[in-house]
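Colleague: Before I ask anything, let me first share the structure, which is written out below as structure tokens.
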Amino acid sequence: MSKITYKEPLKSRVDRIINSENIAGYVFILPWLVGFFVFTLIPIVATFYLSFTQYDLLSPPKFVGLRNYIQMFKEDPLFWKSMSVTFFYVFVTVPLKLAFALLLALWLSYKSKLTPFYRAIYYVPSMMGGSVAVAVLWQRLFTSDGVINSILKLFGINSNISWIGNPKTAIWTLILLAVWQFGSPMLIFLAGLKQIPESYYEAAIIDGANSWQKFIKITLPMLTPIIFFNLIMQMIGSFMTFTQGFIITNGGPVNSTLFYAIYLYRRAFQFYDMGYSCAMSWVMLIIIGILTAFIFKSSTFWVYYESKEGE
Amino acid sequence: MKKFLSILFAVLFLLSCVLTTQIKTSQTALGSSQSIKLRIAWWGSQTRHDRTQKVLELYRAKVNRKVSFVPEFGSWSGYWDKLTTQAAAKNLPDIIQMDYMYLAQYVQKGLLADLTPYTKNGVINLKDVSEASVKSGSINGKIYAISLGTNSLAIAYDPAIAKKAGVKIPEDGNWTWNDYKEIIKKVYQKTKIRADLALTSDPKFLLEYYVRQQGKSLYKSDGTGLGFNQEKFVIDAFNVNLELLKSGYTARPDEISATSTIEDSLFVKGKTWITWTWSNMFVAMANAAKRPLALALPPKGGKRPGLYLKPSQFFSVAATSKYKNEAAKVINFFTNSVEANKILLAERGVPISSKVREGIKNAVEPAVRQTFDYIALVEKNCSPIDPPDPPGGTEVGQLFKDLYDQVLYGQIKPEVAAKMFIQRANQILMRNKK
């Protein structure tokens with residue numbers, strides 16, 4: 001520091017820079033900026049270039065034009081399989097999870113002494129999120145001699161199905177796991193429910209509305225911005241599901257749980273086909289982009305903002 | 001003033017970050033003039049991590065105080081991802097545990113050092129090592145990897161149950177595929193205990209064994225295609241399991257696919273009585289099962305023995321290593337020191353040096369001695385190993401697993417799967433044509 005202030009002509013300039021409004025801000029966000037450029041922006045750009053190359057990680061990338069994309073769409077049955085598995089998973093999981101989260105949020109919005117306790121309890125699964133421990137636990141629950149079959153036995157159902165080993169049921173165990181982790185959308189719903197003015201309900205009660213009518217006519221419309229937000233976040237998250245499928249079933253049995261992200265990972269790190277998997281990640285980015293744009297466009301028809309109405 | 005202070009702190013903070021890293025680097029630069037830091041990477045179980053680190057300590061104490069080690073270890077699944085990334089960044093560890101499956105690829109990319117000079121000048125002593133073991137780590141006449149132990153495909157079974165059912169398994173391998181099926185059938189009928197599906201997940205197991213028995217190899221020697229084009233071979237290999245499965249004599253694929261560790265496997269839990277394995281897994285199996293188990297050679301048939309002696313894993317030296325000579329000395333220690341191997345206790349497979357084998361024979365537990373005897377049996381009943389897997393081998397393996405799964409789950413017929421396998425596998429391997 002002292003070195004800089006020695007030189008007279010520099011002093012005023014340095015002072016000006018140091019005292020400027022922005023510089024302190026920039027210095028403080030520098031760590032984040034570095035992280036963003038080094039770990040996000042540059043890799044994204046690099047991925048785009050690499051998606052046009054053949055790159056096995058060990059030797060330098062070779063430019064091959066659109067070959068990866070053509071191979072993907074024309075010659076690769078697993079690409080389509082992983083795409084259909086992922087779409088199925090997203091379109092089943094997201095509505096189920098949101099419905100479940102909303103249901104519990106409604107229940108937990110009633111005031112009682114135990115409510116804070118329940119809120120914490122229900123949030124725990126989503127805190128553990130995509131953790132390996134939960135995945136391993138899930139694997140144990142659903143094997144042929146797992147807990148689920150023991151419980152079924154209590155009800156007189158003798159089952160020795162291995163739920164995660166059966167191509168018909170494996171994807172459902174993963175869907176169940178995702179729905180079980182409903183905590184974070186639930187919390188957001190709870191916050192949304194608090195925002196709805198009590199007076200609306202009071203007016204409805206005076207008009208003689210029952211609780212179903214209150215829910216349909218007041219709660220749901222008032223919650224649409226929250227639903228909109230949760231829908232987008234959950235959809236994007238579900239498309240990128242990796243950990244659960246990787247650890248519990250590793251894409252099997254018979255590729256019935258081969259999520260897009262798992263296949264992409266396999267291509268990159270097991271088949272040493274980095275160029276191809278970069279191309280795959282760009283396809284996924286575009287798909288998520290289109291779907292998000294679609295939801296945004298459609299939101300004008302079903303999302304209700306109080307502020308707009310007031311203008 | 002406040003603003004000035006906040007900027008001052010921010011700058012000081014950044015400076016301190018930069019300074020500490022610089023101090024660190026200058027320390028290592030200083031240190032390297034006196035001592036040598038060797039990075040060494042391996043995969044394996046906790047037992048292996050513990051034993052390997054003890055050997056490295058022994059090396060420091062007995063051989064060279066100046067060498068210090070930076071171990072990088074983990075499990076198989078993460079190991080190769082990490083190593084690939086390190087290779088891409090030209091930052092490979094000095095000593096690398098290498099697998100037969102990846103050896104050719106790494107050599108082809110010029111990532112491994114040629115160890116031939118070190119074996120010639122005696123830094124790595126291979127006097128007591130069989131020609132076959134040395135060859136297994138060589139490509140085009142140059143030695144790129146030193147085997148750490150010998151391994152072979154094997155059948156493990158529960159002798160108590162075989163006895164109960166009144167069947168005798170010829171451990172020297174004098175049985176046919178039909179005998180194999182008959183025995184499994186008989187044991188099931190007498191005891192209601194099933195067999196495991198013979199190793200299904202990888203063509204390196206059952207299919208390769210069968211193909212080799214017919215006098216062919218899994219891959220062409222130049223790696224541009226499969227080494228055979230008979231669909232019949234694939235169908236036969238599929239059918240060994242499929243027939244038994246259909247009659248209910250083996251565990252179902254959905255039960256098996258739900259287990260991932262040795263401790264979890266149906267065989268260890270006593271739900272099946274016979275299984276296929278690699279001989280170096282036998283010790284872990286026997287320890288987990290806590291009951292006496294036995295090893296037998298797989299069924300004979302065809303033109304020649306399908307078995308081969310496989311290096312369980314190697315040590316290689318990175319081409320970028322600055323301390324190749326020091327690294328070679330460490331590898332020599334693992335290969336030839338009886339004292340080191342008394343710590344390792346054949347955890348990596350049967351030691352390749354006959355002197356070491358003799359030296360530790362009385363120190364090892366019974367299950368390890370069983371594998372010693374088994375490997376001795378294989379030595380008399382084997383044919384030479386095929387060249388390492390070509391690039392694309394992993395993808396072919398995945399393809400095989402997918403198709404075999406579909407067959408076992410009853411989704412497609414073996415004939416269809418066989419046809420698809422040969423066609424798609426050749427397509428994948430064609431990319432190796434330059």
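Colleague: Please go through the range A:53-91 and pick out each residue that is acidic (Asp, Glu) and either within 25 Å of the chain's Cα centre (by Cα) or open to solvent by 30 Å² or more (accessible area, probe 1.4 Å) (or both). Give the steps one after another, and end with the answer.
Modeller: Within the range A:53-91, the first condition is being acidic (Asp, Glu), and the residues that meet it are A:56, A:75-76.
A:ASP56, A:GLU75, listed by residue number.
Colleague: Sticking with this one: Of everything in the range B:280-301, what is touching a strand residue (DSSP E or B) at 6+ places or on another chain (Cβ under 7 Å) and either of a type in the set (S, T, N, Q) or under 13 Å from B:GLU263 (Cβ atoms) (or both)? Give them in sequence order.
Modeller: Selection gives B:ASN280, B:MET285.
Colleague: I would also like to ask the following. With respect to A:ASP15, is the statement that it is touching a Lys or Arg at 6+ places or on another chain (Cβ under 9 Å) and within 13 Å of chain B (Cβ to nearest Cβ) true? Please lay out each step first, then the result.
Modeller: Working: touching a Lys or Arg at 6+ places or on another chain (Cβ under 9 Å): no; within 13 Å of chain B (Cβ to nearest Cβ): yes.
No: the conditions fail for A:ASP15.
The rows are residues; the columns are (1) in the same structural domain as B:TYR59 (by TED's automatic domain parsing); (2) of a type outside the set (D, E, K, R); (3) out of contact with any helix residue (DSSP H, G or I) (no Cβ under 6 Å at 6 or more places or on another chain).
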site	(1), (2), (3)
B:VAL338	yes, yes, no
B:LEU345	yes, yes, yes
B:PRO351	yes, yes, no
B:VAL356	yes, yes, no
B:GLU365	no, no, yes
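Colleague: Out of B:ALA296, B:ALA284, which single residue is touching a residue at least 60 places away in the same chain (Cβ under 8 Å), closer than 24 Å to A:LEU137 by Cβ and within 20 Å of the chain's Cα centre (by Cα)? First the steps, then the outcome.
Modeller: On the way: B:ALA296 fails: closer than 24 Å to A:LEU137 by Cβ.
Answer to the selection: B:ALA284.
Matching residues to (1) in contact with an Asp or Glu (Cβ under 7 Å, 6 or more places away or on another chain); (2) outside any helix (DSSP H, G or I); (3) within 13 Å of chain A (Cβ to nearest Cβ); (4) in contact (Cβ under 8 Å) with a residue 40 or more places away in the chain:
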{"site": "B:ASP50", "(1), (2), (3), (4)": "no, no, no, no"}
{"site": "B:LYS54", "(1), (2), (3), (4)": "no, no, no, yes"}
{"site": "B:LEU58", "(1), (2), (3), (4)": "yes, no, no, yes"}
{"site": "B:ARG65", "(1), (2), (3), (4)": "no, yes, no, no"}
{"site": "B:GLU72", "(1), (2), (3), (4)": "no, yes, no, no"}
{"site": "B:GLY78", "(1), (2), (3), (4)": "no, no, yes, no"}
{"site": "B:ALA87", "(1), (2), (3), (4)": "no, no, yes, no"}
{"site": "B:ASP114", "(1), (2), (3), (4)": "no, yes, no, no"}
{"site": "B:TYR118", "(1), (2), (3), (4)": "no, no, no, yes"}
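Colleague: Against the definition (more than 13 Å from chain B (Cβ to nearest Cβ), touching a residue at least 24 places away in the same chain (Cβ under 8 Å) and surrounded by 13 or more Cβ atoms within 10 Å (Cβ to Cβ)), how does A:LEU103 come out, yes or no?
Modeller: no
Colleague: Separate question: Please go through the range B:89-103 and give me each residue that is in a helix (DSSP H, G or I), open to solvent by less than 20 Å² (accessible area, probe 1.4 Å) and within 14 Å of chain A (Cβ to nearest Cβ), ordered by number.
Modeller: First, the residues of the range B:89-103 that are in a helix (DSSP H, G or I): B:100-103.
Then drop every residue that is not open to solvent by less than 20 Å² (accessible area, probe 1.4 Å), which leaves B:100, B:102-103.
Hits for the range B:89-103 are B:TYR102, B:LEU103.
Colleague: I would also like to ask the following. For the range A:171-220, list the helices (runs of 4 or more DSSP H) that sit wholly inside it and hold at least 3 residues that are in the same structural domain as A:PHE142 (by the TED database), under 17 Å from A:TYR118 (Cβ atoms) and in contact (Cβ under 8 Å) with a residue 40 or more places away in the chain; which are they?
Modeller: Values: elements: A:183-195, A:198-206, A:211-214.
It comes to A:183-195.
Colleague: On the given criteria, is A:LEU50 touching a helix residue (DSSP H, G or I) at 6+ places or on another chain (Cβ under 8 Å), open to solvent by less than 70 Å² (accessible area, probe 1.4 Å), modelled with pLDDT of 90 or more and within 12 Å of chain B (Cβ to nearest Cβ)? Even if it seems obvious, please write down each step before you answer.
Modeller: Working: touching a helix residue (DSSP H, G or I) at 6+ places or on another chain (Cβ under 8 Å): yes; open to solvent by less than 70 Å² (accessible area, probe 1.4 Å): yes; modelled with pLDDT of 90 or more: yes; within 12 Å of chain B (Cβ to nearest Cβ): yes.
In short, yes.
Colleague: Further question on the same structure: If you take the residues of the range A:226-277 that are open to solvent by less than 10 Å² (accessible area, probe 1.4 Å) and aromatic (Phe, Trp, Tyr), which of them is farthest from the chain's Cα centre (by Cα)?
Modeller: Filtering the range A:226-277 for residues that are open to solvent by less than 10 Å² (accessible area, probe 1.4 Å) and aromatic (Phe, Trp, Tyr), the one farthest from the chain's Cα centre (by Cα) comes out as A:TYR276.
Colleague: Let me ask something else. Does any residue of the range B:410-430 turn out to be open to solvent by less than 30 Å² (accessible area, probe 1.4 Å), within 14 Å of chain A (Cβ to nearest Cβ), of a type outside the set (D, E, K, R) and in a loop (DSSP other than H, G, I, E, B)?
Modeller: Going residue by residue through the range B:410-430, those that are open to solvent by less than 30 Å² (accessible area, probe 1.4 Å) are B:414, B:417-418, B:421-422, B:425, B:428-429.
Those left that are additionally within 14 Å of chain A (Cβ to nearest Cβ): B:417, B:421, B:425, B:428-429.
Still in the running and of a type outside the set (D, E, K, R): B:417, B:421, B:425, B:428-429.
Now narrow it down to the ones that are in a loop (DSSP other than H, G, I, E, B): none.
No, the range B:410-430 contains no residue that is open to solvent by less than 30 Å² (accessible area, probe 1.4 Å), within 14 Å of chain A (Cβ to nearest Cβ), of a type outside the set (D, E, K, R) and in a loop (DSSP other than H, G, I, E, B).
Colleague: Identify, by number, the condition in (1) within 14 Å of chain B (Cβ to nearest Cβ); (2) under 23 Å from the mean Cα position of the chain (by Cα); (3) of a type outside the set (Ser, Thr, Tyr) that A:MET128 doesn't meet.
Modeller: The single condition A:MET128 does not satisfy is (1).
Colleague: Which one of B:ILE360, B:ILE331 is open to solvent by less than 50 Å² (accessible area, probe 1.4 Å) and either within 21 Å of the chain's Cα centre (by Cα) or at positive phi (or both)?
Modeller: Numbers: B:ILE360 fails: either within 21 Å of the chain's Cα centre (by Cα) or at positive phi (or both).
It is B:ILE331.
Colleague: Check off (1) under 30 Å from B:SER265 (Cβ atoms); (2) touching a helix residue (DSSP H, G or I) at 6+ places or on another chain (Cβ under 7 Å) for A:LEU102 and give me the number that stays unchecked.
Modeller: Every listed condition holds for A:LEU102 apart from (1).
The values are calculated or read from the model by the stated rules, or taken from the named source; none is laboratory data. All figures in this text were calculated on a predicted structure; none of them were measured in a lab. Note that we place each Cβ from the backbone using ideal geometry, even for glycine, and neighbour counts take in every protein chain shown. Surface accessibility is based on the protein's heavy atoms, side chains included, excluding ligands, DNA and RNA. Shrake-Rupley method; radii C 1.70, N 1.55, O 1.52, S 1.80 Å.
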